Amino acid sequence: MNTNLKISNVTKIYPGCVANDNISLEFNSGKIYALLGENGAGKSTLVKILSGVIIPDEGKIYLNENNLKLNSPLDAKKNEIGMVFQHFNLFETLSVFENLIIDSDEQRESVREKIDAIMKKYNFSIDLDIPVLNLSAGQKQKVEIIRCLLRSPKVLIMDEPTSVLTEQETSELFLSLKKFSEEGILIIYITHKLKEVMRLCDEVAVMRRGKLVSVSEIKNENIESLANKMVGQNLKTIKKKKAKTSSDQLIKITNLNFTSEDPFETNLTEINFSVNRGECLGIAGISGNGQSELFQVLSGEIISEKNSIEFNNNYIGDLSPQERREYLMAFSPEDRLEQAAIPQMKIFENVALNNFKSSNFFNNGLINENKIKEHSKKIISDFNVNTDNIELKSQFLSGGNLQKLIIGRELITSPDLLICFNPTWGLDVGAINYIHETLIKINEQNKSIILISTDTDELLKLSDKISVIHKGKLSKIMNSEEVTSEKLGILMGGAN
Amino acid sequence: MIKIVKRDQPSRAIFFFTPVLAIFLTLVAGGLIFFILGFKPFEALKFFFIVPIADKYGFSELLLKATPLCLIAIGLSFCFKSNNWNIGAEGQLTFGAIVSGGVALLFYEQEGFYILPTVILAGAIGGMLYASIPAILKTYFNTNEILVSLMLVYVSKLILDYLVVGPWSNPEGFNFPETRQFSDSAKLPLLFEGLRIHAGIFLALAAVVISWFVFYKTYLGFQMKVSGFSLKTAKYAGYKGKKMIILVFLISGACAGLAGVGEITGPIGQLHREISPDYGFTAIIVAFLGRLHPVGIIFASLVVAITYLGAETAQIFMQIPKYTGQVFQGMILFFLLASDYLLFFKIKFIGLKK
């Protein structure tokens, strides 16, 4: 049976922004549709409207010509619209089976049979009786999918499903989605990853700033054309020139271990690596494998043994972040809003967070506001931060502008080494490009970078050498030309 | 049609306008309440807000009440600006008063220039000690400082109660719940003959100036602010965030303790059961009404002090219970929180036609 889903003139306005501006779209079963757009383009709003989480200000939704009233997620379920959110909605301490029957009023035995049938049909293998917290991200996602399939949906919506998956898990997911599509389930796939759209989908709808920009067939598009539609300007592609291989060693980590008292942190075991001047070392991995701990050990937020870190011929393992900055290290943490900057403080105050002796930001315990403001203005103009008001609270900067400010702040010392952790996480393509260009420039000036990132494409683009972190252990360090994203995926999954 | 639009950036003007708006709305609502109770609104408001401070004595009383409010609110502003919700200033005030009162009693019937500074210092230390309990529990055991500091208020009041009826009660006091009178050397000097305003006001003014300087001009103030917003950021910047949290609590406790000293070594000159008409709680309203800014807090403490005086006048002349004062304090906070909505949203009037 064919399914036809129609969105007609949907508008949703939030204070200060039009999230969906008169969107009309039509979907038919048998095809996989991509909904593509940057962060903030309005994809999530549209999807939440389809799943009953948000009620639109105007517009109607039709399923097979029937006008749907979606006032709650329950209404969506009743109308056989299934949704798998980016963040899993599972009870970690309950078993897989308990999670699956939690919103079902059928007999336990019959549900179990149904689940077994689904798993067999799609080749899923998950132990139903272990707690969800023991599952990998990919398996958790399968649980969410099974939960949808139990209601034999007509429409299945996937919101950025691959952000937590390895390369292998992604391939498996795509196979399943294609199978579902063949069986007549209408699939809407939300993403900002262009490669996935090309690989999986048949038709693509692009959104930008709340508006629908285009609807087209994948065979008429390529990555560049989609990127341009998504960003709305012609992007130049950046290519990193091969670094001059220097043998001048800048930082050397020897036998570094970290054991945490917090059960939710990852222990680091026997970390060994070194970075030469002008080089970028990429550290790949699925989030939660010790990246955050590694960053903190390198930045000095976690103190380690003095001899475990040698920087510029000094042993600095026991120094605090502030002391390490004096040795010309700089740090850009993952969490922009909670760690790298304080949203409630003004731009220039955030600049003063990177305090080093020669900055004269603070003299004899007093704030030297003129000096800080002077530096702030320089950062704003040098790093293209889109504002001219340094008194603005930084919460009013977009993610991209805030990241530029942070990177700019860290670079005013012209450090020998910049350590950054997911520097482009959640940014739009324009800002990502800018940050990437900046990082490449740093290498060209013979300065070094340690780039901890969960974005494989970014690592392959920027790194000279790559290592993979898995459960707190680093793989051997590889030259980036020898590495493919498939190989990284295997290592990220823990295989050798 | 009325439309509510999010502001891109809260304007500076609106930031100082909303407290004024809140006071205005409080007056309107107060007038309305008086009207419902059967009084002439304007006359009642006059009794409440103008009559009490119309003469010299009234003005001195105003300053007398504003002094502890201002002092405590200044201390609290350190905590609140750095996101530490110390709401137990009343307890820190009480404990400061207990310690300084104890020291003052040690010097019973003694004279000496060193006595008063010792008594004042003891009060500040008492307040700091008491504030350090929620601070240390928060930083090292992750407890909620709101609960801990609030509950400790009642503990300190019970300790005071026990002392003034038990071991410290005046042997010649006919079992009244109060201690002996402090010697004159342990009392803050009165500023004018016949008026109750005392030297404690200088402590408050000094606190205003010092707090402004520390918070806006020093590296220490900057670190406190950062640590308050985010311990993670403080750690990343290389600050000792936990120490900063403890420090703001200590400052806050010291101010509240000093306010306690002012209450017992001022006009009263002894420890008794009711040393503070909830100054420690009311100061929370003062701190927010003053926008946590030292100068704002001066004005706010004067405004809120009037509600104490007005309530008494209203009770005498209009037979309204003096708890009306608390109603007014509540309304100020209520309207302040409500009008703070305007910080982030503006109201637009647009034509009905689309």
_Against the conditions (1) among the charged types (D, E, K, R); (2) assigned to a loop (DSSP other than H, G, I, E, B); (3) over 17 Å from B:ALA97 (Cβ atoms), where does B:LYS138 fall short? Just the number, please._
(2)
_Checking A:LEU90 against (1) more than 30 Å from the chain's Cα centre (by Cα); (2) part of a loop (DSSP other than H, G, I, E, B); (3) under 30 Å from A:LYS12 (Cβ atoms): exactly one of these is not met. Which one?_
(1)
*Looking only at segment A:281-292, decide whether some residue is within 18 Å of A:TYR327 (Cα to Cα), surrounded by 20 or more Cβ atoms within 10 Å (Cβ to Cβ) and in contact (Cβ under 8 Å) with a residue 12 or more places away in the chain.*
no
*Just give me the residues in segment B:207-218 being more than 12 Å from chain A (Cβ to nearest Cβ) and aliphatic (A, V, I, L, M), in sequence order.*
B:ALA207, B:VAL208, B:VAL209, B:ILE210
*Any idea how many residues of segment A:293-317 are without any contact (Cβ under 8 Å) to a residue 24 or more places away in the chain and crowded, with 17+ Cβ neighbours inside 10 Å?*
3
_Among the residues listed as A:LEU194, A:LEU156, A:LEU186, the single one being in contact with a Leu (Cβ under 9 Å, 6 or more places away or on another chain), surrounded by 21 or more Cβ atoms within 10 Å (Cβ to Cβ) and over 21 Å from A:LYS48 (Cβ atoms)_ = A:LEU194
*Among the residues of segment A:20-39, how many are within 15 Å of A:LYS229 (Cα to Cα) and outside any strand (DSSP E or B)?*
2
*Which residue, of B:PHE113, B:PHE39, is more than 14 Å from every other protein chain (Cβ to nearest Cβ), over 25 Å from the mean Cα position of the chain (by Cα) and surrounded by 15 or more Cβ atoms within 10 Å (Cβ to Cβ)?*
B:PHE39
*Only one of (1) in contact with a Cys (Cβ under 7 Å, 6 or more places away or on another chain); (2) free of Cβ contacts under 8 Å to residues at least 40 places away in the same chain is not met by B:PHE249, so which one is it?*
(2)
*Any chance you could count how many residues in segment A:404-463 are closer than 23 Å to A:LEU474 by Cβ and part of a helix (DSSP H, G or I)?*
10
*Name every residue in segment A:417-429 that is crowded, with 20+ Cβ neighbours inside 10 Å, more than 14 Å from chain B (Cβ to nearest Cβ) and not aliphatic (A, V, I, L, M), in order of residue number.*
A:ASN422, A:PRO423, A:THR424, A:ASP428
*Could you list, in sequence order, the residues of segment A:375-408 that are of a type in the set (D, E, K, R) and within 13 Å of chain B (Cβ to nearest Cβ)?*
A:GLU391, A:LYS393
*asked:* Give me the residue from segment A:325-353 that is of a type in the set (D, E, K, R) and over 19 Å from the mean Cα position of the chain (by Cα) and, out of that set, surrounded by the most Cβ atoms within 10 Å (Cβ to Cβ).
replied: A:ARG325
*asked:* Can you say whether B:PHE15 is more than 14 Å from every other protein chain (Cβ to nearest Cβ) and either aromatic (Phe, Trp, Tyr) or crowded, with 17+ Cβ neighbours inside 10 Å (or both), as far as the supplied structure shows?
replied: no
_Single condition B:PHE174 does not satisfy, out of (1) surrounded by 13 or more Cβ atoms within 10 Å (Cβ to Cβ); (2) at pLDDT below 90; (3) among the aromatic types (Phe, Trp, Tyr)_ = (1)
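Per-residue answers, yes or no, for (1) within 11 Å of chain B (Cβ to nearest Cβ); (2) in contact with a helix residue (DSSP H, G or I) (Cβ under 6 Å, 6 or more places away or on another chain); (3) under 19 Å from A:THR254 (Cα atoms):
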residue	(1), (2), (3)
A:LEU294	no, no, yes
A:SER299	yes, yes, yes
A:TYR315	no, yes, yes
A:ARG324	yes, no, yes
A:GLN339	yes, yes, no
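Here's the yes/no breakdown for (1) of a type in the set (A, V, I, L, M, F, W, C); (2) surrounded by 22 or more Cβ atoms within 10 Å (Cβ to Cβ):
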{"position": "B:VAL209", "(1), (2)": "yes, no"}
{"position": "B:PHE213", "(1), (2)": "yes, no"}
{"position": "B:TYR216", "(1), (2)": "no, no"}
{"position": "B:TYR219", "(1), (2)": "no, no"}
{"position": "B:ALA234", "(1), (2)": "yes, yes"}
{"position": "B:VAL248", "(1), (2)": "yes, yes"}
{"position": "B:ALA254", "(1), (2)": "yes, yes"}
{"position": "B:GLY257", "(1), (2)": "no, yes"}
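Rundown of residues vs (1) within 14 Å of chain A (Cβ to nearest Cβ); (2) not in a helix (DSSP H, G or I), yes/no style:
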position	(1), (2)
B:LEU205	no, no
B:LEU220	yes, no
B:MET224	yes, no
B:GLY228	yes, no
B:TYR236	yes, no
B:TYR239	yes, yes
B:ILE245	no, no
*Checking A:SER320 against (1) of a type outside the set (Asp, Glu); (2) under 30 Å from A:GLU261 (Cα atoms); (3) surrounded by 22 or more Cβ atoms within 10 Å (Cβ to Cβ), which single condition isn't satisfied?*
(3)
_For segment B:322-330, check the following and say yes or no: at least one residue is part of a helix (DSSP H, G or I) and among the hydrophobic types (A, V, I, L, M, F, W, C)._
yes
*Within segment A:359-374, is even one residue within 13 Å of chain B (Cβ to nearest Cβ), assigned to a helix (DSSP H, G or I) and within 30 Å of A:ASP464 (Cα to Cα)?*
no
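The values are calculated or read from the model by the stated rules, or taken from the named source; none is laboratory data. These numbers were taken from a predicted model, which means no experiment stands behind them. Heads up, the Cβs are rebuilt from the backbone with ideal geometry, glycines too, and the neighbour counts pull from every protein chain shown.
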